[in-house]
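Let me begin by presenting the structure, written as structure tokens, before commenting on it.
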Amino acid sequence: MNILNQWGPIGLFMVFAIVLPAAPILVAAIFAPRKPNDIKLQTYECGVETVGDTWVQFKVQYYIYAIVFLVFDVEMIFLLPWAIAFNELSFFAFGAGFLFIFLLTDALVYAWRKQALEWH
Amino acid sequence: MVVQYLAFVIFSAFAIIGAAMVVWSRNLVHSALFLVMSLFGVAGLFILLSAPFLAAIQVLVYIGAIAILIIFAVMLTRSMTAIREPFNAQSWLGAVIGAVLFVALVAGMILPVWGWGSLPTLPQSDVVGTTRDIGIALVSADGYVLPFEVASLLLTAAMVGAIVIARED
Amino acid sequence: MASFLTTLLVVAIVATTPLVLAIPLIWIERKVAARIQDRLGPNRVGPWGIIQPIADAIKLIGKEDITPAGTDKVVYNLAPIVAVASVVLMWACIPFAPNLIGVDLEIGVLYIVSVASLGTMAIMMAGWSGNNKYALLGAFRVVAQLVSYEVPLVLSLLIPVLLAGSMGMQDIVTAQQGMWFIFMAPVAALIFFISAQAETGRAPFDLLEAESELVAGFNIEYSGMKFGLFFAGEFVHVLTNGVLIAHLFVGGWWGLGVSAEGGILSNVLGLIYLVIKTTIFYFISLWLRNTLPRVRIDQLMNFNWKFLVPISVANLVITSLLLKISQVAGFAVDLTTNASFTAALPMTLLLLGGNIALILGVIAIYGFNIRRDRVQEEAQAEAIAHAPSH
């Protein structure tokens, strides 16, 4: 089967990719000393005791970057088959791809002008 | 064939168990990580259906972008040790309706194709589309060029919407 | 059964290679960094300090593994494994010689990018599971950086795919028989190199794991071998980027005496050429790391979204337009069939001209903007200097 020829080894690769890094960790777990005490187990905060619940301030910028990345990611996966079939495309098909890119550039320009891409 | 059945079982298990744990897990970040596991299972199922392009896209977009977006949203909007106890007086009614719906959907999918008695087989097709075929189909005039362009409009709308909602004014 | 065993052997060798290569890489890093900084580097442990990485590995194994209280044990242990696994999985698809490749996937390039995006997930897991708000903050910033720079990376990756007409790695390398892609698309090569440098968190973009900032970022709570794994994963990732650039733009295993069919001589020569090209790019990466100052996070993001992304989109548009024109005008060459240097030359010159026009355009636009800003600043400074000072 064609899939098995190509993707079977990838499955084996995944097994190896998980086992190989796990091996040094297991070796270290066997050989390393283990002397836990209270101070070592505390969360690191530059040597000061932690106060209160651990929470992070909501910063909307992270979310905007992730959304813009998502939009561009989907754009790229649409453009990949277009790029592969490029040699056999007529001008119309080629223009369709252009229109696609243009619309998304439009979105980028909007984000730029609305200062959504600034890091505050 | 045995290997394919085994792979099918493993990937389906990933997908189903992952999806179940998304709903059952008490910790929201754990739910997000179980979602990643479920999406991995779906990617594996795509590979078994001879659609490696879709499998790679599944990993790239769903796990690499959408799951990260979800994890951002989860981590940024609550404290890290929040555990929520579900309290819902009608949970038994919801369970009954859910079970009935599930049985109806599964029966509606399986019975028309395989009938009552036969053993389901993995779909095999001789015509395997390559990425080049997808590319040509996406932009050819008698293909999917209109959904292609509408998709770009949809993406633009999504981005504009997100920016409008997230802006401080 | 026999074919399964050979596959298993091949997979084992290709999967262990990156991790084995990590060991001399540590030595090369430290020596090169030291020499650039005008000092000697490790030279006590063995001749020229060659055994230093092994000593480091033994030390890291022997360190106590301090797992702070309140961490999520499963995710905490899984994160370094996923980080290294994503890098190892990339090597499945990389051709080392005309006949030496792990698996020649039809979607090679897309597979590599998808697997690289798993590394981002690993960092998120690492940052969150440490139960430490600084680790989480560091992880958010790293993920924001990685995710942002993936856009110009894949956009500039589209250019070799466009030129070769396929996503398979062997196809892309074979298509460079006549002319390397770096001559047809230098802007894309440059953008890919910069984005790859930023993707691995290397200087000048190493704000997030810099030892003097945010106390090593998302891996604050990791000690011992797990920390070592993150480190090794990063080094191997940089090497993988070097190999990728060598394949995508500089011809991979092409060189004098290598033929596409294979044979012992071709394979050995191909491997040697690949090693030389990868070393050059790896050295350039190290060179940048040790000479350039670090950029701030807002400079980082602005550089990406306002400079790299528009340029890569413009590059894609120009390259595809010129490619289509050359196809319609008739002097395009189907690069996947064996194209010679002279046959590919007119197309190369046209694309090169397009790239140069793009570079000049970019310099003109940005130069104009910068000049206008400077004029404004000077006018403001003058206004302040001439302010009423009675």
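At a glance:
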| read-out | value |
| --- | --- |
| Residue list for the stretch B:139-153, restricted to those being facing chain A (nearest Cβ under 9 Å), of a type outside the set (Asp, Glu) and assigned to a helix (DSSP H, G or I) | B:VAL139, B:VAL145, B:PHE148, B:ALA151, B:SER152, B:LEU153 |
| Candidate set: the stretch B:16-46, residues that are among the β-branched types (Val, Ile, Thr) and at pLDDT 90 or above; chosen: the one surrounded by the most Cβ atoms within 10 Å (Cβ to Cβ) | B:VAL36 |
| Residue among A:LEU70, A:LEU80 that alone is at the interface with another protein chain (Cβ under 7 Å from one of its Cβ atoms), under 15 Å from C:VAL313 (Cα atoms), among the hydrophobic types (A, V, I, L, M, F, W, C) and part of a helix (DSSP H, G or I) | A:LEU80 |
| Residue match in the stretch C:134-141 (condition: in contact (Cβ under 8 Å) with a residue 40 or more places away in the chain and in contact with a Cys (Cβ under 9 Å, 6 or more places away or on another chain)) | yes |
| Only listed residue being under 28 Å from A:ALA83 (Cβ atoms) and either in a helix (DSSP H, G or I) or without any contact (Cβ under 8 Å) to a residue 12 or more places away in the chain (or both), chosen from C:ASN290, C:ASN304, C:ASN267 | C:ASN304 |
| Failed item, numbered, when C:ALA126 is tested on (1) under 27 Å from B:THR77 (Cα atoms); (2) crowded, with 24+ Cβ neighbours inside 10 Å; (3) within 12 Å of chain B (Cβ to nearest Cβ) | (3) |
| Count of residues meeting criterion [more than 7 Å from chain A (Cβ to nearest Cβ) and either in contact with a Phe, Trp or Tyr (Cβ under 7 Å, 6 or more places away or on another chain) or assigned to a loop (DSSP other than H, G, I, E, B) (or both)] in the stretch C:76-90 | 1 |
| Per-region count, the stretch C:221-260, residues over 21 Å from the mean Cα position of the chain (by Cα) and over 30 Å from C:GLU64 (Cα atoms) | 6 |
| Residue satisfying condition, being facing chain C (nearest Cβ under 10 Å), of a type in the set (Gly, Ala, Ser) and in a helix (DSSP H, G or I), within set B:ALA55, B:ALA20 | B:ALA55 |
| Residue check, C:GLY41 small (Gly, Ala, Ser), over 27 Å from the mean Cα position of the chain (by Cα) and away from chain A (no Cβ under 13 Å) | no |
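The values are calculated or read from the model by the stated rules, or taken from the named source; none is laboratory data. Here the structure is a predicted model, which is why all the values come from computation and not from measurement. Cβ sites come from the backbone with ideal geometry, for glycine too, and all protein chains shown count toward neighbours.
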